[in-house]
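Participant: Have a look at the structure that comes next, please.
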Amino acid sequence: MRRRVSSMAAGSSVEWLKSVKAVILDMCGVLYDSGEGGGQAIPGSGEAVRRLMDSGLTVRFCTNETQNTRERFVQKLRVMGFDISVSHVFSPAPALIHILRERGLRPHLLVHDGTFTMFYSVVVLYCLCVCVCVCQVVMIGDDLLNDVGGAQRCGMKGLQVRTGKYRPSDEQHPSVRADAYVDDLAAAVNAILTDH
C-alpha cells in the first residue's frame, strides 16, 4: 500500500524535508491510538520509528498527557513494540519541575497520583538537547492547533498525520496550516528519509 504525502497547496513543495535534522513525534494519535487497555500501535508506526532511529536523525517523543511519568509512557510503548528510551521522551511534569527549580518557585501543587513522586524524586534537569537550528526540525503530530501550530510558532515545520485527532476539515483551517499532511507516521518517515 502506497502512503500519501500531500503538501499545503497545489504546486507547493515538500523540498524542506531534505533539510530535516531532527524529528519530534507526538505519541498519542501518531504512534498509537488510545483506547481500551491503554490503546494499540497504529499500523506501521513501530517500523517507522525504527527507521527514524536508525537513520541518524535526532528523534524525540513528546506528549501533553499529564497523568503518567515518562517511565510509564515508555513502558506502555515498549509493550506495543516500540524501542524507546526514557531520556528521549518529553512530558509536562519534568518540564514544570525544571521551571520551578530554575525560578526558585515553591507553589502548592495538585497533581495526579501517577506523577506525584516525580516532584520529589526528579533530580536531573530536563533539557531538550537537539543541537540543530529549529528550521531543521519537524514536529509530526495529529493535533493541528497544538502539535503543528505550536511547532510552527517556535520556528519548526509542522507535519500533520491523518490519524488520531486529525479531521479532514483541518486541511482547510483558517489560521493554522500544516507544512504537509501525510496519511500516517510511516508515510512521514518515507518522505523524510527519501534522499537522506
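The values are calculated or read from the model by the stated rules, or taken from the named source; none is laboratory data. Only a predicted model underlies this, so the values are computations on that prediction, with no experimental measurement involved. Virtual Cβ from ideal backbone geometry, glycine too; neighbours counted across all protein chains shown. These accessible areas exclude ligands, DNA and RNA; they are computed on the full protein's heavy atoms, side chains included. Shrake-Rupley method; radii C 1.70, N 1.55, O 1.52, S 1.80 Å.
Participant: Can you give the FRET efficiency to the nearest 0.05 for His98 and Glu47, using r as the Cβ-Cβ distance and R₀ = 41 Å?
Facilitator: Working from the Cβ atoms, E equals 0.80.
Participant: Where nothing but the Cβ of Lys and Arg (+1) and of Asp and Glu (-1) is charged, how large is the charge dipole of the stretch 12-81 around its Cα centre, in debye to the nearest 20?
Facilitator: 280 debye
Participant: For the pair Gln75/Thr194, report the inter-label distance in nm, with labels modelled 7 Å from Cα in the Cβ direction.
Facilitator: Each label point is offset 7 Å from its Cα along the Cβ direction, giving 4.1 nm.
Participant: Here is a further query. Can you give the accessible area of Cys135 in Å² (nearest 10), computed on protein heavy atoms with a 1.4 Å probe?
Facilitator: 80 Å²
Participant: Straight-line reach from Lys165: which aspartates and glutamates have Cα under 20 Å away, leaving out those fewer than 8 places along the same chain?
Facilitator: Of all the aspartates and glutamates, those that pass the test against Lys165 - Cα under 20 Å, at least 8 places apart if same chain - are Asp26, Asp33, Glu36, Glu65, Asp142, Asp143, Asp147, Asp179, Asp183, Asp184.
Participant: Sticking with this one: Could you list which residues have their amide H under 5 Å from that of Cys62, counting only those 5 or more apart in sequence or on another chain, with H placed in the peptide plane?
Facilitator: Here Leu25, Asp26, Met27, Phe90 satisfy the definition.
Participant: Could you give the nm distance between label points at Ser34 and Cys133, where each point is 7 Å from its Cα heading toward the beta carbon?
Facilitator: With each label point 7 Å from Cα toward Cβ, the separation is 3.7 nm.
Participant: Using a 1.4 Å probe on the protein heavy atoms only, what accessible surface does Arg72 show? Give it in Å² to the nearest 10.
Facilitator: Result for Arg72: roughly 120 Å² accessible.
Participant: Using the basic label-point model (7 angstrom from Cα toward the beta carbon), what is the Asp83 to Cys154 distance in nanometres?
Facilitator: The answer from the label model is 2.7 nm.
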